[in-house]
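The values are calculated or read from the model by the stated rules, or taken from the named source; none is laboratory data. These figures come from a predicted structure and were not determined experimentally. Methodologically, a virtual Cβ is constructed for each residue, glycine included, from the backbone with ideal geometry; neighbour enumeration extends over all protein chains shown.
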Amino acid sequence: MKWIVNEQVLAYLERVDVMRVFADAIVFDKLPDERWTRSSSLSLMEIREISPEPEQNSHDVSNTITTASHFLLGRVTTKQLGSASTLLSEITQNVIHSRSIGYAFAQAYNANQGSRVHLGVIDIGAGIATTLSSKYPDVAKPSDYLRLSLESGITSSSSSNGLGLFQVRNIVQQGKGILVIRSGTALLQIHDERFYQWDDLVEIPGTQVYIAMWGSHEKGKWEYPLS
């Protein structure tokens with residue numbers, strides 16, 4: 001894949017390690033002329049690989065939570081820090097189900113009412129609908145599988161006795177945040193306790209989970225570029 005992007009976007013992608021982590025999949029015309037400094041004061045966690053192998057996954061998840069907690073400390077409350085750690089733990093442990101490599105990213109922005117925290121975890125496995133279809137063959141459409149994955153016990157990790165995406169959904173709703181799940185040809189968005197479902201989108205491998213919490217919440221209808 002070849003991307004043509006402006007200088008600022010290019011500098012940001014280099015800063016968060018997109019060029020290093022996905023060097024074998026993405027080709028850029030050139031590296032940015034000016035690089036963003038890698039100061040420890042910057043409020044982000046560069047893209048990190050998450051192994052699907054249980055033992056290595058535990059190690060990767062622990063390191064991811066530690067790194068994210070380091071830059072979030074002082075930007076969010078103690079309770080919010082605990083919630084962010086739980087969110088990252090549950091989502092990154094679900095990479096085990098995908099049986100493929102996963103990636104995690106986190107960043108915080110200054111907002112009018114504190115810090116706005118963004119978390120993202122992806123894998124390139126079979127996807128939620130494919131994974132659940134054998135056990136739940138009567139589900140109507142792919143986005144319904146995404147909604148099903150939020151029920152208790154559906155996506156929990158047996159090794160950790162976690163609550164998977166059910167726990168994630170509850171934490172996000174309590175924090176009045178946004179949860180977006182994209183998998184296969186479907187997308188599910190939860191905001192303000194409302195569910196929005198899309199189907200027949202461009203197909204992607206695996207699953208992408210995106211969360212935005214706390215800080216200022218933008219007003220109006222949420223729109224996402226889906227094509």
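Could you give me the residue pairs with C-beta distances under 9 Å whose first residue belongs to the stretch 79-92 and is among the charged types (D, E, K, R) and buried (at least 24 other Cβ atoms within 10 Å of the Cβ), whose second residue is outside any helix (DSSP H, G or I) and modelled with pLDDT under 95 wherever it lies, and which are 6+ apart or on separate chains?
Within 9 Å, the pairs are 90/155; 90/156; 90/157; 90/160; 90/162; 90/163.
Just for the stretch 134-149: of the residues that are closer than 16 Å to residue 98 by Cα and either in contact with a strand residue (DSSP E or B) (Cβ under 9 Å, 6 or more places away or on another chain) or small (Gly, Ala, Ser) (or both), which one is surrounded by the most Cβ atoms within 10 Å (Cβ to Cβ)? Lay out the reasoning, then the answer.
We begin by selecting, within the stretch 134-149, every residue closer than 16 Å to residue 98 by Cα; these are 134-135, 145-146, 149.
If we keep only those that are either in contact with a strand residue (DSSP E or B) (Cβ under 9 Å, 6 or more places away or on another chain) or small (Gly, Ala, Ser) (or both) as well, we get 134, 145-146, 149.
Details: 134: 7, 145: 24, 146: 30, 149: 25.
Filtering first and then ranking leaves 146.
Which residue pairs have Cβ atoms under 6 Å apart, sit 6 or more places apart or on different chains, and have a first residue in the stretch 115-133 that is modelled with pLDDT of 95 or more and a second that is among the β-branched types (Val, Ile, Thr) and assigned to a helix (DSSP H, G or I)?
Cβ pairs passing all conditions: 121/91; 121/92.
Would you be able to tell me the number of residues in the stretch 169-194 that are out of contact with any Leu (no Cβ under 7 Å at 6 or more places or on another chain) and surrounded by fewer than 18 Cβ atoms within 10 Å (Cβ to Cβ)?
Total meeting the criteria: 7.
Only one of (1) over 17 Å from the mean Cα position of the chain (by Cα); (2) exposed (fewer than 13 other Cβ atoms within 10 Å of the Cβ); (3) assigned to a helix (DSSP H, G or I) is not met by residue 66, so which one is it?
(1)
If you take the residues in the stretch 4-29 that are in contact with a Leu (Cβ under 8 Å, 6 or more places away or on another chain) and not in a helix (DSSP H, G or I), which one is nearest to residue 107 (Cα to Cα)?
Per the stated criteria, the residue is 16.
Could you pull out the residue among 85, 115, 51, 43 that is more than 16 Å from residue 212 (Cα to Cα) and either not aliphatic (A, V, I, L, M) or not assigned by TED's automatic domain parsing to the domain that holds residue 165 (or both)? So that I can check it myself, show each step before the final result.
Working: 85 fails: more than 16 Å from residue 212 (Cα to Cα); 115 fails: more than 16 Å from residue 212 (Cα to Cα); 43 fails: more than 16 Å from residue 212 (Cα to Cα).
The conditions single out 51.
Quick check on the stretch 46-58. Is at least one of its residues more than 25 Å from residue 20 (Cα to Cα) and in contact with a helix residue (DSSP H, G or I) (Cβ under 9 Å, 6 or more places away or on another chain)?
Checked against the condition, which is being more than 25 Å from residue 20 (Cα to Cα) and in contact with a helix residue (DSSP H, G or I) (Cβ under 9 Å, 6 or more places away or on another chain), the stretch 46-58 yields no hits at all.
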